[in-house]
Amino acid sequence: MPTSAAGNKATAPPRLALRRSARPRHATGFTLIELMVVVALIAIASAAAVLSLRSGPSAALERDAQRLAAVLEAARAQARASDVRVLWQAQAEGFVLRGLPGQANPAWQPWLSPETRVRSSSAVALGPEPLIGPQGIELYAASQPAQRLWVHSDGLRPFAVRQPGEAGLP
């Protein structure tokens, strides 16, 4: 019981002290779920930004290289099945396949991107033998000549898109 004598400290009644300590504090900061939602939104936004940056000349060059690898493999399979020799030859804005069975005129095909160019002009022979010598075609983007890809086969495996310097490529 508090007294008012000199030297005594004034203390609050015990009930008042209990009320203050039992009172809930207001929460400060963020909850874990709020932080997870923010991280998910940042991840979605950064993925969209990366995908939008990929639509430049490098993506177009890669599309043309993938398409060329598929065309060369299809022509190689046709050459082997028909027992004829097919030649692939680069031209200014596309390429020509000569010797395909059932075609009187060579089949000219344009590049998907007007930026795609071929560095070498030598012809690539496909079939009729199951094993051909190692062959490669170097593609590059006209606006970025340093950006280049190889469509390459070692003669046994199918044509595939490779990066320069990979597997003995220059």
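The values are calculated or read from the model by the stated rules, or taken from the named source; none is laboratory data. Bear in mind that the values here come from a model prediction, so they are computed numbers and not experimental data. Please note: Cβ atoms are built from the backbone with ideal geometry, for glycine as well, and neighbour counts cover all protein chains shown. We work out accessible area using only protein heavy atoms, side chains counted, and drop any ligands, DNA or RNA first. Shrake-Rupley method; radii C 1.70, N 1.55, O 1.52, S 1.80 Å.
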*Count neighbours as other Cβ atoms within 10 Å of each site's Cβ, and list the trypsin sites (Lys or Arg not before Pro) in region 45-128 that are DSSP loop with at most 14 such neighbours.*
Arg54, Arg85, Arg119
_Gain in span if fully extended, Glu129 to Val84, counting 0.36 nm per residue against the direct Cα distance_ = 15.3 nm
*asked:* Rolling a 1.4 Å sphere over the protein heavy atoms, what is the accessible area per residue of region 21-160, to the nearest Å²?
replied: 63 Å²
